[in-house]
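Heads up, the thing below is written out as structure tokens.
The values are calculated or read from the model by the stated rules, or taken from the named source; none is laboratory data. What you see is a predicted model; the values in this text were computed from it and never measured. All Cβ positions, glycine included, derive from the backbone under ideal geometry; neighbour counts span all protein chains shown. Keep in mind that these areas ignore ligands, DNA and RNA; they rest on the heavy atoms of the full protein, side chains included. Shrake-Rupley method; radii C 1.70, N 1.55, O 1.52, S 1.80 Å.
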Amino acid sequence: MQTFPPPGPAPRAFDRALALVFRIQSWLMVACLVTMVVLLFGNVALRYLFNSGINISDEVSRLAFVWLIFIGSVLATRTHTHMGVTMLVERFGRASRRISHLFCQALILAVLCMWIKGSWAQTQIGMGTQLPVTGLPAGLFDLACLYAAIAMALLTLADIVLTLGGAEPPLDASATDPLS
């Protein structure tokens, strides 16, 4: 269980802003899902009923799916619900668990830094290429990856700071927000 300092005026405003950001992300996920369902169902219905279709449905629904996945991975990072194996860590003492958690978070941060660098390069390359039907830049797919890597790196940094500040590292998936 993580312990947090008592909320003052600034943390409450920060918590509200943070909750709003994550609520917006949840609604963006809903919008992506609705877009996918409407476009794909509409395309299938039009093909069977009128022998026509929506030209952009495949590209836009694929883009919505990619963004849905990456936004979801950020939300899973926030709530510590990514898959993890805790058999060994549960047997550690408090100090060993803290050291293990910090080591794992440092590894995660290193991987995310490589991910940010690679997705930035791919986004730059993709912005010069257009998708064939919609004409949108192909880099929008890579931009979802860049967004997720940066957001997860910030959440990981916040978790490291909280753990170094005395908060108890989570043993397993919990609904504890690392920034609240």
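Overview of values
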quantity	calculated
Label-to-label distance, nm, for residues given as residue 38 and residue 85 (7 Å Cα→Cβ offset)	4.4 nm
Built amide H within the under 5 Å cut-off of residue 130, gap 5+	138
Which of 147, 48 is most accessible, then next, and so on - probe 1.4 Å	48, 147
Accessible surface, per residue, of the chain when the full set of protein chains is kept, probe 1.4 Å, Å²	62 Å²
For the chain, with +1 on Lys and Arg beta carbons and -1 on Asp and Glu, the positive-most of 149, 30, 17 along the dipole	17
Separation of alpha-carbon centers, the range 15-50 and the range 87-107, rounded to whole Å	38 Å
Using alpha-carbon coordinates, inclination of helix 139-164 to the longest axis of the chain, degrees	10 degrees
Area accessible to solvent at residue 103, 1.4 Å probe radius, in Å²	130 Å²
Intensity falloff of the range 11-58 expressed as log10 I(q)/I(0), Debye formula with alpha-carbon point scatterers, at q = 0.13, 0.16, 0.21, 0.27 Å⁻¹	-0.47, -0.56, -0.71, -0.88
Percent accessible area from carbon and sulfur atoms, the chain, protein chains only, probe 1.4 Å	73 percent
Extension reserve of the residue 161-residue 114 stretch, reckoned as 0.36 nm per residue once the Cα distance is removed	14.9 nm
Percent RCO, i.e. relative contact order, over the chain, from Cα pairs under 8 Å lying at least 6 residues apart	31 percent
Unit charges on C-beta of K, R, D, E only; dipole of the chain, Debye	220 debye
Computed accessible area, residue 99, all protein chains, 1.4 angstrom probe, square angstrom	120 Å²
